[in-house]
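Engineer: Have a look at this one before I ask anything.
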Amino acid sequence: MNETMKTALFTGTFDPFTIGHQSIVERALCLFDHIVIGVAMSKLKHTENDIRLRTESISRIFADKKDRIEVIAYSDLTIDLAKRVGAVCIIRGIRSVKDFEYEREQADINRRLGGIETLLLFSEPHLSSISSSLVRELQFFGHDASEFLPKVK
């Protein structure tokens, strides 16, 4: 990768990756040359879908942008991944005050431990109620949640 390229890191368990996540990535593309989407394998969060399936699914969503977007799985600290991929910052999306407080705490720790800044992007208003948890719940009860999921290209 070119040393002058500005790389940002966008992380989450993405179970599933929603149109809200997609919006954050697409909006961040105007700010950065390269975005690494880090799909977390978290023991703290119960994920329904295998990490390989989540990673492949997100890669297919951005297949037409593979020169600018890379999707990788990881199981260590986000700040360690940020250092490995040469990220200049971590991108996070926030939908609410509740998200803001959590993300502020994470940003403080990441800056303290890894010296990396976090860029918070507010969700678009029409996407602010969409979450992976909501989509999983709808799917669990047999409802069609496709309107909240990106179209695979």
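Engineer: Looking at segment 89-98, is at least one residue surrounded by fewer than 14 Cβ atoms within 10 Å (Cβ to Cβ), in a loop (DSSP other than H, G, I, E, B) and among the small types (G, A, S)?
Structural biologist: Within segment 89-98, the first condition is being surrounded by fewer than 14 Cβ atoms within 10 Å (Cβ to Cβ), and the residues that meet it are 96-98.
Still in the running and in a loop (DSSP other than H, G, I, E, B): 96.
If we keep only those that are among the small types (G, A, S) too, we end up with 96.
Looking for residues that are surrounded by fewer than 14 Cβ atoms within 10 Å (Cβ to Cβ), in a loop (DSSP other than H, G, I, E, B) and among the small types (G, A, S), one finds at least one in segment 89-98, hence yes.
Engineer: For segment 106-127, name all the residues that are within 17 Å of the chain's Cα centre (by Cα) and not hydrophobic (A, V, I, L, M, F, W, C). Even if it seems obvious, please write down each step before you answer.
Structural biologist: Start the filter on segment 106-127 by keeping residues that are within 17 Å of the chain's Cα centre (by Cα), which leaves 106-107, 110, 116-124, 127.
Matches in segment 106-127: Q106, N110, E117, T118, S123, E124.
Engineer: Follow-up question, since we're still on this one. Can you tell which of L53, L31 is assigned to a loop (DSSP other than H, G, I, E, B) and open to solvent by 80 Å² or more (accessible area, probe 1.4 Å)? Quick ask: steps written out before the conclusion?
Structural biologist: Numbers: L53 fails: assigned to a loop (DSSP other than H, G, I, E, B).
None of the others qualify; the one that does is L31.
Engineer: State whether one or more residues within segment 60-70 are at pLDDT below 95 and either of a type outside the set (D, E, K, R) or closer than 21 Å to L121 by Cα (or both).
Structural biologist: no
The values are calculated or read from the model by the stated rules, or taken from the named source; none is laboratory data. Just so we're clear, the structure is a prediction, and the values are computed from it rather than from any experiment. Backbone-built Cβ (ideal geometry, glycine too); neighbour counts: all protein chains shown. For the accessible areas, the whole protein counts, side chains as well, though only heavy atoms, and no ligand, DNA or RNA atoms are used. Shrake-Rupley method; radii C 1.70, N 1.55, O 1.52, S 1.80 Å.
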